[in-house]
Amino acid sequence: MKATRIFLVAALAFVVANCADRGPLGVTADQPASGAVATVTTGPQKDLLGGLLQGLGLLKCTPLAPATATATIGPMGGSLRVGPHTLTVPAGALSQNVTITASLSADTVNAITFKPEGLKFAKAASLTMSYANCNLIGILLPKQIAYTNDNYGILQLLFSLDNILARKVTGQVWHFSHYAVAW
């Protein structure tokens with residue numbers, strides 16, 4: 001019993017010492033003034049369980065069928081659904097009508113590409129992404145939506161809410177590019 005207590009105290013001390021400034025993905029504790037995103041400062045790191053869950057990053061999934069959807073959304077807002085994912089643009093986020101295209105590719109990550117690339121919103125749009133087709137370990141851990149480059153490298157993690165029961169995560173999107181489900 002005493003050995004178990006000593007082990008637990010040592011494990012807790014290790015966790016506190018190694019997580020003071022970053023989470024398991026190397027995300028800094030400081031966020032921009034808007035609080036919309038956290039910047040990834042390093043690549044994936046070993047997790048707190050001694051490397052048992054190595055490779056934290058984008059969630060691995062069974063490929064979805066390729067799909068593309070297009071909608072014109074303007075100052076009144078609107079939504080666009082492609083595959084199991086939905087983009088919702090609130091009223092006032094756009095000052096004029098914009099033709100928006102969302103594309104999915106058949107890959108082992110749930111990723112979506114929006115065009116026109118670089119489009120910015122005056123109010124955050126919300127992107128809800130499903131991970132119902134993803135592996136069990138990833139389903140049990142909290143998810144976020146990641147802003148990625150063309151090669152699925154994580155550039156930023158968006159402020160996100162994970163609905164484990166529905167197997168969907170929703171994040172705040174301020175501009176267009178590539179997004180994927182991360183853990």
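The values are calculated or read from the model by the stated rules, or taken from the named source; none is laboratory data. Treat the numbers as computed from the prediction; the structure is a model and nothing was measured. In this analysis, Cβ positions are derived from the backbone assuming ideal geometry, glycine residues included, and neighbour counts consider all displayed protein chains. Accessible surface is based on the protein model in full, side chains and every heavy atom, while ligands, DNA and RNA are left aside. Shrake-Rupley method; radii C 1.70, N 1.55, O 1.52, S 1.80 Å.
Structure summary
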item	result
Within the stretch 91-131, considering residues that are closer than 20 Å to ALA65 by Cα and out of contact with any strand residue (DSSP E or B) (no Cβ under 8 Å at 6 or more places or on another chain), the one surrounded by the fewest Cβ atoms within 10 Å (Cβ to Cβ)	ALA106
Sole exception among (1) part of a strand (DSSP E or B); (2) more than 10 Å from the chain's Cα centre (by Cα); (3) over 16 Å from THR62 (Cα atoms) for ILE112, by number	(3)
Test: residue in the stretch 19-35 that is open to solvent by 60 Å² or more (accessible area, probe 1.4 Å) and modelled with pLDDT of 50 or more	no
Selection count where residues are open to solvent by 50 Å² or more (accessible area, probe 1.4 Å) and in contact with a strand residue (DSSP E or B) (Cβ under 9 Å, 6 or more places away or on another chain), scope the stretch 64-90	8
